[in-house]
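First the structure, in the form of C-alpha cells, and then the observations on it.
The values are calculated or read from the model by the stated rules, or taken from the named source; none is laboratory data. These numbers come from a predicted model, not from an experiment. Cβ sites come from the backbone with ideal geometry, for glycine too, and all protein chains shown count toward neighbours.
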Amino acid sequence: MSARLRTAALTALVLLAQSQIADAHIVNARLGDFYAGALHPLLTLQDMLVLVALGVLAGSLGAASGRWLVVVFPLGLCAGLGLAVAASIAPVPPVVDAATILLLGLLLAASLRIPVALLCAIAFALGMMRGAANAGELVPQTDRLLYAAGLACAGYVTITLVMAVALTFRRPDTEPVSSWRGIALRAIGGWVAAVGLMMAGLSFAT
Amino acid sequence: MMARKLLYSTLAVAPLLLLTASPGLAHEQTGVSGGLANGLLHPLTGLDHLVAMVAVGIWGAQLGGVAIWVLPIVFPLVMAFGAVLGILKIGLPVPELVIALSGLILGLAVALRVRVPFAAAAAIVAVFAIFHGHAHGVELPTAANPLAYGCGFVVATGLLHACGITIGALARWPVGERVIQGVGAAIAALGGYFLVASLGAAA
C-alpha cells in the first residue's frame, strides 16, 4: 500500500469517526417555520415555566374552569405574535416577566377559587406576552403563518397535557385543599413564586 | 524512510483533525442545563445546607398540624427573599455562622422533640431560610443561566424538605421515633462542627 493510499485511508477513517447525525432535510424544508415556532417556546425555560405554572393552576381549579384555557391560551399566543409583528411592539421588560411568574405562583400557592372569566383573562394576557416574546425569533424570510401555527400548537399541547396531569393528580375534586395532593400542587406554586421573586430581584440588580 | 512516511501521514491528517474539532465543554457548564445542574447541586453539595433543610422537614413533621403544610408552601418564598438580598448584594451579618447555627439548633429541636408554638417555630425557620437563601442568591447572577439556577436550587431545597418530612413520618412507629432523634442528633453534631469551624475561620 503506497503512502498516499495509506494517508487517504487514514483520513477517511478519521472523517467517518467524526461524522454526525444528518438532520438537513425535514426542518429546512417547507414546514421548517412550523417547527421553529413549535420548538422555540419548548426550548425556552421562561416560556416553559409560564406554561407549566398556568397548566397546573388551571388543573388545580378543576376541569370545568381549566378547559377554556385549551382555546384561550393558544389564541393569546397568536394575538401576541400578531400584535408584535404588526405594531412592532417590543417584548415586556424582564421585571414584568418575573412579576407574572410571581403572580402565577402566588395564585397557585394560595389555592384561590379564581372565577373562570378571570382565569381566561389571565391566560389570554400571559399568552399575548409569551407570543410577543416569541416574535423576536422572526426574520423576514420566516413564513409567519406557519410559525404562528407551530407556536399555537406547542402552547395548546403543553397546556393541555400539564393541565390533564394536574387534574389527574388532584382527583378526587371533593378532597380538601389540605390533602397531601393539594399541598403538593400548592408547593409547586410556592416554588414558582420563589423563582419569580428571584428573577424580579435579578432584574433590579442588572 | 518509514519514519518520514509516518510523519507525512500525520502532518496530512493533523489539519483535518484541527478543523473538525468540537468545543471542549469539560469544565465550565453552560446554558440552561449548566445553570440547572449548578442550582440543583448547590444545596446538595453543601453539607451545612443539606442537613439544615432536612432538619426543617423533620421538625415540621414532628410539629404536625399547620406546620406540615405551611412549610413546603411558604419556605421557598422566604428563602427567595433572602436570595434577593444576596442578588442585590445586601450583606447579612456573619452568614456562615448563622447557617452553621441553623444545623445545630434545628438538629437539637428534632433530637429533643422540642415543641414550641407554631409562630415561634415559623420565626426561627424564617430567619434561617433568609440566610440559606442569601448564600444561594449571591451566586445566582454569575450562574450560567440565572433562571435555571433559581429553578434548580428551589426544587432541590423543596425535595430536601420532602425528604425530611418523609423521615418525620417514621414517627408512627416507636422505633422510628428513636431513628428520628438519632438523625436529629447527627444533624446537631454536624451543625456544631460547622459552627466551630466557622468560629475558627472567623478568629
- Message: part of a helix (DSSP H, G or I), among the hydrophobic types (A, V, I, L, M, F, W, C) and more than 9 Å from every other protein chain (Cβ to nearest Cβ): which single residue out of B:ALA144, B:ALA135, B:ALA148 fits that description?
- Response: B:ALA135
- Could you pull out the residue among B:GLU96, B:GLU139 that is closer than 16 Å to B:ASN38 by Cα, surrounded by fewer than 23 Cβ atoms within 10 Å (Cβ to Cβ), acidic (Asp, Glu) and within 16 Å of the chain's Cα centre (by Cα)? B:GLU139
- Query: In this structure, does A:VAL139 turn out to be at pLDDT below 85, assigned to a loop (DSSP other than H, G, I, E, B), within 18 Å of A:ALA53 (Cβ to Cβ) and out of contact with any Leu (no Cβ under 6 Å at 6 or more places or on another chain)?
  - Reply: no
- Task: Count, please, the residues in the stretch A:88-122 that happen to be of a type in the set (Gly, Ala, Ser) and within 27 Å of B:GLY158 (Cα to Cα).
- Result: 6
- Consider B:ALA188 carefully, then state whether it is outside any helix (DSSP H, G or I) and of a type in the set (A, V, I, L, M). no
- Query: Restricting the search to the stretch A:49-69, which residues are assigned to a helix (DSSP H, G or I) and surrounded by fewer than 17 Cβ atoms within 10 Å (Cβ to Cβ)?
  - Reply: A:ALA63, A:ALA64
- Taking the stretch B:144-197 and keeping only residues that are farther than 26 Å from A:ILE183 by Cβ and small (Gly, Ala, Ser), one is left with B:ALA144, B:GLY182, B:ALA185, B:ALA186, B:ALA188, B:ALA189, B:GLY191, B:GLY192, B:ALA197
- Item | Boolean, A:THR160 is under 19 Å from B:PHE81 (Cβ atoms) and either in contact with a Phe, Trp or Tyr (Cβ under 7 Å, 6 or more places away or on another chain) or not in a loop (DSSP other than H, G, I, E, B) (or both) | no
- Kindly establish whether A:ALA117 is farther than 26 Å from A:PHE34 by Cβ, free of Cβ contacts under 8 Å to residues at least 12 places away in the same chain and among the small types (Gly, Ala, Ser). yes
- Where residues in the stretch B:64-75 are assigned to a helix (DSSP H, G or I) and more than 7 Å from chain A (Cβ to nearest Cβ), which of them is nearest to A:PHE204 (Cα to Cα)? B:PHE75
- Item | Counted residues, the stretch B:76-122 - those being closer than 19 Å to A:ALA98 by Cα and assigned to a helix (DSSP H, G or I) | 12
- Item | Enumeration of residues in the stretch A:83-95 that are surrounded by 13 or more Cβ atoms within 10 Å (Cβ to Cβ) and either farther than 16 Å from A:ALA148 by Cα or touching a residue at least 60 places away in the same chain (Cβ under 8 Å) (or both) | A:ILE89, A:PRO91, A:VAL92, A:PRO94, A:VAL95
- Criterion violated by A:PHE124 - all others in (1) over 19 Å from A:GLY62 (Cβ atoms); (2) modelled with pLDDT under 95 satisfied: (2)
- Query: Can you tell me how many residues in the stretch B:151-179 are part of a helix (DSSP H, G or I) and farther than 23 Å from B:GLY103 by Cβ?
  - Reply: 4
